[in-house]
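The values are calculated or read from the model by the stated rules, or taken from the named source; none is laboratory data. Since this is a predicted model, take the numbers as computed values, not measurements. Positions of Cβ are backbone-derived with ideal geometry, glycine not excepted, and every protein chain shown enters the neighbour counts.
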Amino acid sequence: MNFFSQFFTLLKKEFIIEFRQRYAISGIVLYVFSMVFVVYVASISIKGQAQVWNILFWLIVLFAGINAVVKSFVQESGARQLYYYQLVDPSTLVLAKVTYNTLLLLVLNLLAYGTFSLVAGNPVKDLGLFALVILLGSIGFAIAFTFISSIAAKANNSATLVAILSFPVILPILLTLLRLSSIALRVIQDTAFQKDIINLLAIDGILIALTFVLFPYIWRD
Amino acid sequence: MWWKTTSVLILIYVIIAGIGVPLKPGIDRVAPLSSKAGQSIELQVFGYNSTFSETASEKIRVWLEFDSLHAIQSGKVDVKNDTTLLASFQIPARLPQNKQSVLLNVIVDHPTNGVSLLPAALEVLADTAVNTDAGNWNEHPISQLHVIKDFSYPYRNVIYETIRNTYFHVPMWFALMFMFIASVYYSIQYLRNPVAENDRRAVAFTETGLLFGFLGLVTGMLWAHYAWGKAWSNDIKQLMTAVALLVYLAYFILRASFDEPEKGARLAAVYNIFAFSSLVPLLYIIPRMFASLHPGATGNPAFGSEDLDNTMRLVFYPSIIGFTMLGVWMAQIRYRSLRLRDRLADID
């Protein structure tokens with residue numbers, strides 16, 4: 001099989017697995033909803049400040065993202081991993097996972113945006129830029145979390161490990177996202193935000209290149 | 001081994017020269033702090049490390065400078081003692097700029113102490129009531145300054161004697177970078193050729209690098225305590241450094257959470273490459289995107305060429321070399337102890 005047919009088969013497989021185990025995706029969606037409400041109720045007294053909205057939104061996205069992606073390697077048994085190992089190229093497999101997780105995070109983030117705007121108001125002034133920030137954020141988080149969860153899935157206590165391994169690494173992405181989305185919310189004025197977008201794309205590029213090169217070493221058991 | 005002895009000798013030199021060499025004379029402060037246009041004032045200048053009374057007071061010249069075209073020279077200079085002198089000025093009636101007030105630099109030129117400057121030392125307020133044009137801002141331009149070239153460190157306001165920390169704080173980060181580069185090199189080697197030796201070297205270099213990171217953070221906090229007023233002021237560089245150290249602490253947690261050492265070594269090697277690629281944005285890219293108290297932040301190199309003079313270079317560069325060699329030595333000892341531990345446990 002060539003790269004593309006492998007890639008699309010693996011991508012299709014991700015969707016099928018998700019569809020079969022509907023409780024997992026429902027759980028994540030419910031997690032997003034609960035978190036939105038908890039965050040809203042906890043921050044009710046500082047309502048109306050756009051920057052607070054911004055920070056809380058990205059924290060919701062961060063925690064929802066980590067929970068959604070961490071299952072991507074943990075949910076598949078060792079035997080099935082071995083089966084893939086004989087059939088497909090590891091780099092193709094990880095690219096399919098990253099693509100799937102990007103789409104998943106994009107949907108979850110839009111969902112989080114929708115519900116959070118419903119309860120906490122919608123201070124976004126530049127919707128186009130904000131949508132772009134959400135897309136870039138989904139890509140960055142998906143790559144970083146997929147890579148880290150593939151390492152952590154091999155270890156004994158993977159949930160703690162994902163958090164301690166990924167949070168420091170995710171920080172450059174998170175800071176740039178916060179900056180860009182403050183611009184979209186008109187909290188800060190900056191016309192040269194293209195530079196931040198390029199920074200973000202550069203970080204994403206480095207992360208995906210590292211994932212592509214290093215995943216074969218993680219996978220092999 | 002010759003290089004171990006060399007590193008110790010270099011570091012002894014760095015410690016002796018770094019602590020022992022005096023600062024150049026400078027101006028600590030002046031009094032009063034403000035004056036009015038058209039007035040004549042007696043400006044008290046307090047020197048630091050200075051020997052004002054070494055020469056006759058006629059040879060000491062004092063200026064109030066606005067810019068290279070606008071400066072006034074003092075009339076009479078009266079030396080009280082080595083660190084205090086009185087200079088009388090007749091401030092012109094009009095300010096060099098049409099503003100409410102201007103800030104003037106004080107420049108003292110001394111035949112043996114050399115020239116010293118205190119920036120923005122005296123504020124002169126405009127006097128709107130006076131309508132004369134008495135006085136001239138460029139009657140006695142600054143000229144024939146005595147530049148003394150000797151083995152001493154520059155005097156800088158705000159940091160004063162803590163300038164010596166340059167030889168200990170900054171080389172820590174150079175050494176850390178060299179240690180982490182070596183560690184990443186051995187991690188890549190381990191992935192290409194999985195023998196325990198490569199893994200042990202990677203671990204030894206990461207541990208040494210992390211030690212330099214903590215020492216760099218502590219020396220930085222000590223410096224910040226004196227120069228910025230607080231040991232920890234949530235400066236972006238402090239924050240990102242703390243995060244970078246967390247990244248490397250997680251490396252050891254990851255290693256320890258595997259039952260099979262080989263699997264742990266392989267995944268730790270992968271994570272080490274990943275961690276190194278996040279170290280570069282954390283230490284060198286993000287700090288430039290935000291305002292920082294650090295010298296030369298926000299857009300410039302973290303350490304500008306204007307921060308060092310030739311005397312400082314003679315101590316600073318050896319210090320980097322000395323600490324890096326010491327780090328390699330420490331990593332080598334750590335590597336040997338790891339190998340012995342493995343041999344005792346019959347792993348290797």
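Please count how many residues of the range A:153-169 are crowded, with 21+ Cβ neighbours inside 10 Å and either of a type in the set (V, I, T) or assigned to a helix (DSSP H, G or I) (or both).
Looking only at that region, the number is 6.
Could you list all residues from the range B:217-273 that are among the basic types (K, R) and either within 7 Å of chain A (Cβ to nearest Cβ) or touching an Asp or Glu at 6+ places or on another chain (Cβ under 8 Å) (or both)? Break it down stepwise before answering.
Pass one, the range B:217-273, residues among the basic types (K, R): B:230, B:237, B:255, B:263, B:266.
Correct list: B:K263, B:R266.
Can you tell me how many residues in the range A:59-79 are in a helix (DSSP H, G or I), modelled with pLDDT under 85 and small (G, A, S)? Break it down into steps so the answer makes sense when it comes.
Here is the first cut: in the range A:59-79, the residues in a helix (DSSP H, G or I) are A:59-74, A:78-79.
Pick out the ones that are also modelled with pLDDT under 85 and you get A:70-74, A:78-79.
Retained after the next criterion (residues that are small (G, A, S)): A:72, A:78-79.
Selection size over the range A:59-79: 3.
Residues in the range B:229-275 that are buried (at least 18 other Cβ atoms within 10 Å of the Cβ) and aromatic (F, W, Y): how many?
4
Go through A:I148, A:I143, A:I188, A:I173 for me and flag whichever is of a type outside the set (K, R) and surrounded by fewer than 22 Cβ atoms within 10 Å (Cβ to Cβ).
A:I188
Any idea which of B:S187, B:S277 is without any contact (Cβ under 8 Å) to a residue 24 or more places away in the chain and either small (G, A, S) or more than 13 Å from chain A (Cβ to nearest Cβ) (or both)?
Every option except B:S277 fails the conditions.
Residue by residue, here is whether (1) over 26 Å from B:G213 (Cα atoms); (2) assigned to a strand (DSSP E or B) holds:
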{"position": "B:K80", "(1), (2)": "yes, yes"}
{"position": "B:T112", "(1), (2)": "yes, no"}
{"position": "B:S143", "(1), (2)": "yes, no"}
{"position": "B:S187", "(1), (2)": "no, no"}
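Going through A:L185, A:L174, A:L200, A:L165 one at a time, which residue ends up being touching a residue at least 12 places away in the same chain (Cβ under 8 Å), at the interface with chain B (Cβ under 9 Å from one of its Cβ atoms) and of a type in the set (A, V, I, L, M, F, W, C)?
The unique qualifying residue is A:L165.
Output the qualifying pairs, or none if there are none: Cβ atoms under 8 angstrom, residues six or more apart or on different chains, first residue in the range B:48-76 and closer than 11 Å to B:D109 by Cβ, second residue outside any strand (DSSP E or B) and among the acidic types (D, E).
Short answer, once both residue conditions are applied: B:Q73/B:E139.
Is it the case that B:L43 is among the aliphatic types (A, V, I, L, M), farther than 29 Å from B:N165 by Cβ and in a strand (DSSP E or B)?
So B:L43 passes the test.
Test of understanding: among B:L43, B:L85, B:L104, which residue is without any contact (Cβ under 8 Å) to a residue 60 or more places away in the chain, buried (at least 19 other Cβ atoms within 10 Å of the Cβ), out of contact with any Gly (no Cβ under 9 Å at 6 or more places or on another chain) and within 28 Å of B:S152 (Cα to Cα)?
Just a single option satisfies the conditions, and that option is B:L104.
Please find, among B:D78, B:D127, B:D109, the residue that is in contact with a strand residue (DSSP E or B) (Cβ under 6 Å, 6 or more places away or on another chain), buried (at least 18 other Cβ atoms within 10 Å of the Cβ) and charged (D, E, K, R).
Values: B:D78 fails: buried (at least 18 other Cβ atoms within 10 Å of the Cβ); B:D127 fails: buried (at least 18 other Cβ atoms within 10 Å of the Cβ).
Step by step, each of B:D78, B:D127, B:D109 is checked, and only B:D109 is in contact with a strand residue (DSSP E or B) (Cβ under 6 Å, 6 or more places away or on another chain), buried (at least 18 other Cβ atoms within 10 Å of the Cβ) and charged (D, E, K, R).
Name the one entry in A:G137, A:G114 that is buried (at least 21 other Cβ atoms within 10 Å of the Cβ), away from chain B (no Cβ under 12 Å) and either of a type outside the set (S, T, Y) or under 12 Å from the mean Cα position of the chain (by Cα) (or both).
The unique qualifying residue is A:G137.
Out of B:S116, B:S68, B:S88, B:S35, which single residue is of a type in the set (G, A, S) and not in a strand (DSSP E or B)?
On the way: B:S116 fails: not in a strand (DSSP E or B); B:S88 fails: not in a strand (DSSP E or B); B:S35 fails: not in a strand (DSSP E or B).
The match here is B:S68.
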